[in-house]
Amino acid sequence: MKTIIEPFRIKSVEPIKFTTKAERKKILVDAGFNPFMIKAEDVLIDLLTDSGTSAMSAKQWAGIMDGDESYAGSKSFFRFESTVRKITGDKFIIPTHQGRAAEKILFSILGGEGKFIPNNTHFDTTRANIEFTGAEASDLIVEVGKHPEERADFKGNMDVEALEKFIIEKGAENIPLVMITVTNNSGGGQPVSMQNIREVRSVCDKYNLPLFLDACRFAENAYFIKLREKGFEEKTILEISQEMFSYADGATMSAKKDALVNIGGFLSLNNDDLAMKCRNLLIVTEGFPTYGGLAGRDLEAVAQGLEEILDEHYLQYRIRSTEYLGEKMLEAGIPIIEPPGGHAIYIDAKRFLPNISPEKYPGQSIVCDLYLVGGVRAVEIGSVMFGKFDESGNIVSPPMELVRLAIPRRVYTQSHIDYVAEVAIEVFKNRDKLRGYEITYEAPMLRHFTAKFKPLEK
């Protein structure tokens, strides 16, 4: 059939609160023009993130009732461990309360002053956990990935030539690991090809460096490989995922994405010595190794979610529904990262608002207007999130100024997505009325979460 339907039935619902434009204007002012500071109940369609916002299945809820809350040796842990190991093939599976906890443990041990950690593109918490140790996080995305309007099958790939030059320049002894984020979140949710993972692995082998995956959206990446990469058409999502992980020495994962849960994550490893150090730090910061900051019920939900995410019918619906929103926006002339990624649509704020320079935060202007016009909450991924200042106090902007509309899994229907498209089109039609913003308060790290803004005068 032409129509791709949701591969589930809705069993429980919660009401959405409707607000007026006047009410939303006051809410924005009170929130310091930062959507992170808006109460969730005042949001009509929440596309701030796809992390921890999934709707869990009946079997996941049943698993929650069945969770074993034993402090040590919980049967829920052993189900969790076997499920993760089946996918990753890794020897040591360490549960954490979410992905950034896994990053904190890993980089606390491997990071530090004088260290450099390359990635295709680090996301915000990964970069923050690296930089918190004094190490430097570097992005080496392929050139096509820096150009939103250009189409390519795997725009999330790492630049392999640039990686080797980076290793030679910095010295392999100063690089504790190489990382690949699948899919590439900051790069527009774009996938990474299996060939690229193999080539990065080859470079790592040449210089005796470990390779890790940031695997938050591994299943979505595997589905793109099945769709776009020759030789994988007949393979299952599990088989493709297993091959992806086979090239890595370990992985971090926020289970709040592709494991379809509201909390949880893990760190998987093959190195005995590193695993021992990580487990020791886990005990200090998260909990005993068989619960790692999670309740047994959460471990059950993660294990079940990891089985459900491998369903090709679900992934077909998931990727197509995101693509559908992208097509509606492109038809209206809205510039986005093309082709649409897996978990989100990324508006290209530079082309959307060419009259507003990066230091005036064009993405934040769009984000605020999406909420004002239609109660849609999105997030800026540009100079607010990743901008830095040089020694002269001038802002150093990232290559792209983006607005991410991240779609929670199994939460919204097609009519919700149609509404989002209408709101975005309305904002785009009146874009000449938008103005830039300045920051009035910011924290020293991850400022986008708590910053306050004020609109600039025309």
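Here the chain exposes an accessible surface that is 52 percent carbon and sulfur, computed with a 1.4 Å probe and the other protein chains kept in place.
Kindly rank 209-216, 192-199 from highest to lowest mean number of other beta carbons found within 10 Å of each residue.
Working: 209-216: 23.9, 192-199: 19.9.
Top to bottom by mean Cβ count within 10 Å: 209-216, 192-199.
A simple charge model with +1 on the Cβ of Lys and Arg, -1 on the Cβ of Asp and Glu and nothing else charged puts the dipole of the chain at about 980 debye relative to its Cα centre. Could you tell me which residue out of 114, 13, 379 lies farthest along the dipole of the chain toward its positive end? Charges go on the beta carbon: Lys and Arg +1, Asp and Glu -1, centred on the Cα centre. The residue sitting most towards the positive pole is 13.
Think of a 1.4 Å ball rolled over the protein heavy atoms: region 123-253 then has 35 Å² of accessible area per residue. Taking the Cα centre of region 237-300 as reference, the dipole from Cβ charges on Lys and Arg (+1) and Asp and Glu (-1) amounts to some 280 debye.
Taking packing as the residue-averaged number of other Cβ atoms within 10 angstrom, the listed peptides 398-405, 252-259, 62-69 run from highest to lowest as 252-259, 398-405, 62-69. Taking the DSSP beta bridges with both ends in region 182-339, the antiparallel portion is around 65 percent. The residue among 321, 364, 333 whose Cα reaches farthest toward the positive pole of the charge dipole of region 312-385, with charges on the beta-carbon of Lys, Arg, Asp and Glu, is 364.
Return the percentage of antiparallel bridges among DSSP beta bridges fully within the chain, rounded to the nearest 5 %.
Here the share of antiparallel DSSP bridges comes out near 70 percent.
Between region 65-81 and region 369-436, the C-alpha centres lie 40 angstrom from each other.
Rank-order 45-56, 318-329, 340-351 by packing density, defined as the average count of other C-beta atoms within 10 Å over each peptide's residues, highest first. The partial results should precede the final answer.
Numbers: 45-56: 20.7, 318-329: 19.1, 340-351: 25.5.
Order by mean packing, descending: 340-351, 45-56, 318-329.
Taking the charge dipole of region 123-184 about its Cα centre, with +1 at Lys and Arg Cβ atoms and -1 at Asp and Glu Cβ atoms, the residue from 172, 142, 125 reaching farthest to the positive side is 125. What you get for region 320-458, charging only the Cβ of Lys and Arg (+1) and of Asp and Glu (-1), is a dipole of about 300 debye around the Cα centre. Shape summary: the chain maps onto an equivalent ellipsoid whose semi-axes, from the alpha-carbon gyration tensor, are 33, 27, 22 Å in decreasing order. Separation of the alpha carbons by more than 27 angstrom is noted, of 21/328; 26/360; 388/454; 11/91; 115/360, for 11/91; 115/360.
Could you work out [θ]222 nm for the chain from helices alone, using -39500 (n - 2.57) per DSSP H run of at least four and dividing by all its residues? Round to the nearest 500 deg cm²/dmol.
-12000 deg cm²/dmol
When Rg and the Kirkwood Rh are both derived from Cα coordinates, the Rg/Rh ratio for region 323-397 amounts to 1.01.
The values are calculated or read from the model by the stated rules, or taken from the named source; none is laboratory data. Bear in mind the structure is a predicted one, so any value in this text is a computation, not a measurement. Positions of Cβ are generated from backbone atoms using ideal geometry, with glycine treated the same way; all protein chains shown enter the neighbour counts. Only protein heavy atoms, including side chains, enter the accessible area calculation; ligands, DNA and RNA are left aside. Shrake-Rupley method; radii C 1.70, N 1.55, O 1.52, S 1.80 Å.
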